[in-house]
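Read through the structure below, which is laid out as structure tokens, and then see the notes.
Any read-out appearing in this document is the output of simple, stated calculations on the displayed coordinates, not a laboratory observation. Everything numeric here is computed off the predicted structure, so don't read it as measured data.
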Amino acid sequence: MGALLTDLRTVPNLVTLSRLVLVLGVFISYLSDLYVVGAVLGAVAGATDYLDGWLARRTGRVTRLGEILDQFCDMALELAFLVFAITLHALPVVVLVPHVLRELWVVSIRRYAIELGENIPSRLPGKIKASAIGWSMLPLLVGAVGLAQSWSPALIRFGQIGVLIGLGLSVVSGIDYTVSFVRIYERHGRRHVVATTSRSSSTTPARLY
């Protein structure tokens, strides 16, 4: 645990983890009718997605742990904002289906790649997807709570279009990750299956008749 705690306390990783705290602050602010505070915290949470990566590269602390934390916090932020927008009737609940399925699929194939000593890194379409969904939530939520008054319908529409673009990019990036998965499977898949089968056979006790 010592090494893990030490790595978690690095500045880039602390910035990444702060995103979860900021998301919680957004929820509390909106539920308390502190909409301006919620909007500001949401914007800061989105900004940390860029700041943590910049700090990691600047300080030479780009690590696998940081990448995992960043991916998890991105998923948590996007899912939280989508659920909140749905509860405000600014988005239909069906938008969760492609988003959740894509995230589960990408997590699964990345886990498979790691087991083989490979890595499927974040790609540009995925990063643009996260930015499109995240930043579209700012006008969407501001409009949904009526904070912009007469401008609220326009902000809601603008945010909805941005989320739809983000979901489209989510599918595109999911296909991109799948292509990487297929290539990794072609390199290791057959050998991995044979090795796993061999290990299972060797550990299975002989049956007595």
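Numbers for the structure displayed
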quantity	calculated
Choice from Arg58, Arg110, Arg157 showing the highest fluctuation, given a GNM over the chain with Cα pairs closer than 10 Å	Arg58
Over the chain - Rg/Rh using Cα atoms and the Kirkwood inverse-distance radius	1.09
For the chain: relative contact order, % (alpha-carbon pairs under 8 angstrom, 6 or more apart)	19
